[in-house]
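The values are calculated or read from the model by the stated rules, or taken from the named source; none is laboratory data. All values derive from a computational prediction rather than experimental measurement. Please note: Cβ atoms are built from the backbone with ideal geometry, for glycine as well, and neighbour counts cover all protein chains shown. Please note that ligands, DNA and RNA were not included when accessible areas were found on the heavy atoms of the full protein model with its side chains. Shrake-Rupley method; radii C 1.70, N 1.55, O 1.52, S 1.80 Å.
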Amino acid sequence: MKKYLIIILIVMLTITGCATDKPLSTEPETPKEVENIEEPLDTVAEEPIISEEPTTGEDPVMTEEAVGTEAPATTEVPATTEDPATTEEPLIIEEELAQEETEELQKDENNILKIEGLVENQLKLPLHELKTLNDIIFEADFYSLNSFGTTGYTHFKGVKLWDLLEQNALIKAEASKVSIVAQDGYSMEFTLDQVKMDYMDETNPDTKYPMIIAWEENGEEYSTDEGAPYKLVVGQKEPGDVNKPQWVSNIDVIIIE
Ligand SMILES: Nc1nc2c(c(=O)[nH]1)N[C@H]1C(S)=C(S)[C@@H](COP(=O)(O)O)O[C@H]1N2
Ligand SMILES: [Mo]
């Protein structure tokens, strides 16, 4: 029995001895773990560098033909990784050129004031032609009152809308309303009487203002970069009339119905 007790004691001592060693062994273990973390980090960091070098290095050298011959020669995996990298750049340049062209076309298109619907002359007037209509050009400081009581004066230059419809578009007798539609979808609808009438300024009651299509605000022409360079400007019907929301920026088309 004593022998067994001694054996048990020895076994227990060696176990506890090992157990006390364990905390010691954890100290070197933690640095190992850190090393283990660093290793995959190193490989992760290296991989993109390796893959970037060949694609960026190849791009200027590679022609479209080279891509065509290389792609089938390599295995499927490099082919799929190389193809987008090498074919994308020429495509991007083409897309950018196409983008610039469409932007230029858009700017030219923006320049054209369109009048459609119940008129004898459907008009597509470029800005430079509109500017030649001296008889109907009007400019003044327009007073504005906004929904929250904000007021201000803005100098606008443009053409009188009613005169443009009557003299240039030759509005038809059966026409009854005019819609001013902006490129962002904002629109205002007026009866013919509302287009014809004179408006006022509550702070300057003696002056009369026609409804105008302006291309110039505070001495500066609108840029075609920011859309169609036309704004419908209208004064007040009576004192307190909230007129600013009726101003339609970036007019796309004027529709007569
Ligand atoms: N195309 C377009 N015109 C618009 C609007 C709009 O959202 N889109 N908002 C209107 C409103 S509610 C107001 S108050 C005035 C604001 O003019 P501002 O942008 O010159 O301040 O524009 C008006 N014209
Ligand atoms: Mo507004």
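General remarks:
- Residues that are buried (at least 16 other Cβ atoms within 10 Å of the Cβ) and away from ligand 1 (no atom under 16 Å from the Cβ), drawn from the stretch 138-156: 138, 140
- Residue count, the stretch 88-105 (criterion: out of contact with any helix residue (DSSP H, G or I) (no Cβ under 6 Å at 6 or more places or on another chain) and either loosely packed, with under 10 Cβ neighbours inside 10 Å or touching a residue at least 12 places away in the same chain (Cβ under 8 Å) (or both)): 1
- Verdict on residue 179 being touching a strand residue (DSSP E or B) at 6+ places or on another chain (Cβ under 6 Å) and open to solvent by 60 Å² or more (accessible area, probe 1.4 Å): no
- Residue that is farthest from ligand 1 (Cβ to nearest atom) [pool: residues in the stretch 241-257 that are assigned to a helix (DSSP H, G or I) and either at pLDDT below 95 or open to solvent by less than 50 Å² (accessible area, probe 1.4 Å) (or both)]: 246
- Residue match in the stretch 129-140 (condition: closer than 23 Å to residue 110 by Cβ, of a type outside the set (Gly, Ala, Ser) and touching a Gly at 6+ places or on another chain (Cβ under 6 Å)): no
- Any chance residue 211 is within 20 Å of residue 246 (Cβ to Cβ), away from ligand 2 (no atom under 16 Å from the Cβ) and in contact (Cβ under 8 Å) with a residue 40 or more places away in the chain: yes
- Residue list for the stretch 126-151, filter: of a type in the set (S, T, N, Q), away from ligand 2 (no atom under 16 Å from the Cβ) and not in a helix (DSSP H, G or I): 132
- Sole exception among (1) within 16 Å of ligand 1 (Cβ to nearest atom); (2) over 24 Å from residue 131 (Cα atoms) for residue 229, by number: (2)
- When each of 189, 221, 238, 217 is tested for being within 18 Å of residue 115 (Cα to Cα) and open to solvent by 10 Å² or more (accessible area, probe 1.4 Å), the lone residue that passes is 189.
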